[in-house]
Amino acid sequence: MTPFQINPAPPVEFLSVPEIQPFTAEPIRYVGEDGLPVHPLPDAYTPERLRELHSVMLRAREFDRKLITLLRQGRTTFYAQSSGMEATQVGLAHSVRPGHDWVWPYYRDHTLALALGVPMFELISQCLGSNSDPSRGRQMPHHFAARKQNFVSISSSIANQVPPATGTAMAQKYLGTDEITVCTFGDGATSEGDWHAGMNMAGAMAAPCLFVCENNQWAISTNLRGQTASENIHIKARAYGMPGFYVDGNDLVAVMEVCTHAAGWVRAGNGPALVECLTYRVGSHSNADADAEKHYRTREEVQEWLGRDPIVRVEKLLEHLGHPIESEERSNMISAVHREVDQQVIRAEATGQPDWRIMFEDVYSDMPAHLREEAAMLRAEQAEQTGGDRK
Amino acid sequence: MTATQEKQSLPAATPETRTINLITAITEALHEEMERDDRVVLFGQDVGARGGVFMATAGLQASFGQRRVFDTPLSEASIVGAAVGMAVRGLKPVAEIQFADYMGPGFDQIISQAAKMRYRSGGQYTAPLVIRTPSGGGVKGGHHHSQSPESYYTHTPGLKVVMPSTPYDAKGLLKAAIRGEDPVIFFEPKRLYRASKGEVPGHDYTVRIGEAAIRREGTDLSLIGYGGVMPDLERAADALGAEGVSVEVIDLRSLVPWDKELVVDSVQKTGRAVLVSEAPRISNFMGEVAYSIQAAAFDSLLAPVGQVAGFDTPYPYVQDKIYLPGPNRITAACVQALNY
């Protein structure tokens, strides 16, 4: 295989028997691509509930679209979209008790953040690096942290969150809480040493950690086949003594059911579990990778997965249940999200950008002499440039 | 409890000042901090029943149980990573990395997670953990049991880096590290574990991270070091003292933050400085000290700042003794500064 050869992912068959068990050969599915349940839906999935979940998915999708626009306008500098992965992230959020359980996310998890109730204002503030950013403008865009939701600060370093997630779960166990930790990552992360180290430790320590692989099949330009010779990701759980579940990551109901089941297993004190959600990154990796189809994957492959759109699937299901979302209602919902984003952007921008002083804070719990010296130097430089120190 | 564990159990602490060695000081600090604070947990490779390969955690599992003192899989990345995750959730983890030479697999966890958690989250999350690790040479360990990698860690803002050389400092600094709110990389000069003996008070105390100590006062030259080389600094100062040279010996104790004020004051008084550490010279932390001395005390200097360091070779096995600075090389560097 030459490095430039486009190597499409093998065709995927889905397991249409929605029996939740680990190590299935095919992803577990509840609702087909045509929106028809392949199995009677659990009672909890009333049309009202599905509409509610649909609105969360649509809000995240439109957030993506609006933020890409902001990026193109030069108002933010980086963005990692999760379009096409909404069922995975919204479905996963359903198994987390926000502000009670802990989450060590990865850098493509804004849909998860929104679904857990992190205010859009905070996410936008982070993307803009404004004064209203709870992380104080310290990280590149799309690296969120939200204290209230126990949504731990995101590292760009791949799989870096896996051993710490294990540690948080160990602490939860040590403290005798009923909390669990949820740790997310992409498929590429499973090649990293930290991933294996953290998974192994979690197994050995029986840490209450739910590991969730958002397998979108592309790590920038390397697809799953280039990542591992393993037939899939979830099977690796066996090596660490935990169950590995395989789910259709574009089927909201299936993700919710499987993640809830796996989280229940973890919560019951059985140790960790792994869920692999098979989904697809329909967009580019980031703005640094603007035209994926030009370089490393086919438009046909993307088209095929666009045909499996997780939001459309919920809409088809609602239609089947006799509660369709009419097109006018849908466009009103979209306009409402766009307005919401616009308003939050204006609000965030109005708070201004952190000044130079912020740079020296939070390095340590106190400010050592060398940082005070450096801050004094910068203060003088700033004063010279602005014709007088503002304070 | 196994027979070994029973044998390792600590004698009851006495209120009087006692003379102990450095490793006992470490064990006592851990014991007392675990007694004081339930959130302190101890883990690493072979730290439980075995008590650590150097016996720094001897008896602690017997005293506090396997819940608080436990062995982990053989994986530095997950030991450090777990410490980060525990600290973020509110524990006070003290992780042991068996040798500083093996911190490599945990390096990313140290520099990307531990060091940056407070900063990158705007203070929403913090990772106040302690990583204890034996470092330095002189034990015939070849390069994977002898290196002095502290400079790597001093180059990462967000970490505090300390290296004691006396039992008093080891105990006081370790307690300060555990009680602090920042990640601390705690290097223990392994050749001093049993060689360094000294008094510790019976009462509870801490040593502030960031403060150097003047081991002896002098007027002709400031001899500055930290960690395993300190006894050699004393020997060199003795030799020079016998020739009528008054040497001020300073133990940095903390590298980040380091006590620039004390060092600069000393050099302004003596006019000469020789810096000693056993790490390779290129990008050695003492380069920072030398820079700071010349920047702050240039007019006081009577000679160029001298430096004695390890050689820029991988740490050798057979030449263990001649690789290390040693009192003769230190004395020669002092003489050079005095004769400038």
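The values are calculated or read from the model by the stated rules, or taken from the named source; none is laboratory data. Remember, it's a predicted structure, so these values are computed and weren't measured experimentally. A quick note on method: Cβ atoms are made from the backbone with ideal geometry, for glycine too, and the neighbour counts reach across all protein chains shown.
Data overview
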| item | result |
| --- | --- |
| Among the residues listed as B:Arg235, B:Arg215, the single one being surrounded by fewer than 21 Cβ atoms within 10 Å (Cβ to Cβ) and touching a Pro at 6+ places or on another chain (Cβ under 6 Å) | B:Arg235 |
| Among residues of segment B:156-175, those that are out of contact with any helix residue (DSSP H, G or I) (no Cβ under 6 Å at 6 or more places or on another chain) and either free of Cβ contacts under 8 Å to residues at least 12 places away in the same chain or under 20 Å from B:Asn21 (Cβ atoms) (or both), counted | 5 |
| Segment A:179-214, residues that are more than 8 Å from chain B (Cβ to nearest Cβ) and within 24 Å of B:Gln45 (Cβ to Cβ) | A:Cys183, A:Glu192, A:Trp195, A:His196, A:Met199, A:Ala202, A:Gly203, A:Ala206, A:Ala207, A:Pro208, A:Cys209, A:Phe211 |
| Single unsatisfied condition, A:Ser135 versus (1) in a loop (DSSP other than H, G, I, E, B); (2) more than 9 Å from chain B (Cβ to nearest Cβ) | (2) |
| Test: residue in segment A:222-236 that is within 14 Å of chain B (Cβ to nearest Cβ), hydrophobic (A, V, I, L, M, F, W, C) and either on the phi > 0 side of the Ramachandran plot or under 19 Å from the mean Cα position of the chain (by Cα) (or both) | no |
| Residue tally, condition without any contact (Cβ under 8 Å) to a residue 60 or more places away in the chain and surrounded by fewer than 24 Cβ atoms within 10 Å (Cβ to Cβ), over segment A:189-204 | 6 |
| Qualifying residue in segment B:193-205 (condition: out of contact with any Lys or Arg (no Cβ under 6 Å at 6 or more places or on another chain) and within 30 Å of B:Gly81 (Cβ to Cβ)) | yes |
| In segment A:139-161, the residues that are at the interface with chain B (Cβ under 7 Å from one of its Cβ atoms) and not hydrophobic (A, V, I, L, M, F, W, C) | A:Gln139, A:Arg147, A:Ser153, A:Ser155, A:Ser157, A:Asn160 |
| Any hit, segment A:243-254, residues being surrounded by fewer than 22 Cβ atoms within 10 Å (Cβ to Cβ) and among the charged types (D, E, K, R) | no |
| Qualifying positions in segment A:239-280 - assigned to a helix (DSSP H, G or I), hydroxyl-bearing (Ser, Thr, Tyr) and farther than 20 Å from A:Asn200 by Cβ | A:Thr260 |
| Residues of segment B:260-284 satisfying the condition of being in a loop (DSSP other than H, G, I, E, B) and surrounded by fewer than 21 Cβ atoms within 10 Å (Cβ to Cβ) | B:Gly271, B:Arg281, B:Ile282, B:Ser283 |
| Matching residues, segment B:69-91, being surrounded by fewer than 24 Cβ atoms within 10 Å (Cβ to Cβ), in contact with a Leu (Cβ under 9 Å, 6 or more places away or on another chain) and more than 9 Å from chain A (Cβ to nearest Cβ) | none |
| Those residues of segment B:101-147 which are facing chain A (nearest Cβ under 8 Å) and of a type in the set (Ser, Thr, Tyr), in sequence order | B:Ser112, B:Tyr119, B:Ser121, B:Tyr125, B:Thr126 |
| Search result, residues across segment A:50-82 that are basic (Lys, Arg) and either outside the structural domain of A:Thr184 (by TED's automatic domain parsing) or under 14 Å from the mean Cα position of the chain (by Cα) (or both) | A:Arg61 |
| Some residue of segment A:97-110 being within 27 Å of A:Pro354 (Cβ to Cβ) and assigned to a helix (DSSP H, G or I) | yes |
| Flag for A:Lys294 being modelled with pLDDT under 95, of a type in the set (Lys, Arg), assigned by TED's automatic domain parsing to the domain that holds A:Pro163 and farther than 28 Å from A:Leu175 by Cα | yes |
| Filtered residues of segment B:49-68 (kept if at positive phi and within 14 Å of another protein chain (Cβ to nearest Cβ)) | B:Gly65 |
| Test: residue in segment A:195-207 that is touching an Asp or Glu at 6+ places or on another chain (Cβ under 9 Å) and either outside the structural domain of A:Leu112 (by TED's automatic domain parsing) or part of a loop (DSSP other than H, G, I, E, B) (or both) | no |
| Residue satisfying condition, being outside any helix (DSSP H, G or I), under 16 Å from A:Ser157 (Cβ atoms) and of a type outside the set (Phe, Trp, Tyr), within set B:Gly141, B:Gly158 | B:Gly158 |
| Residue in segment A:162-178 that is modelled with pLDDT of 95 or more, touching a helix residue (DSSP H, G or I) at 6+ places or on another chain (Cβ under 6 Å), more than 9 Å from chain B (Cβ to nearest Cβ) and surrounded by 24 or more Cβ atoms within 10 Å (Cβ to Cβ) present | no |
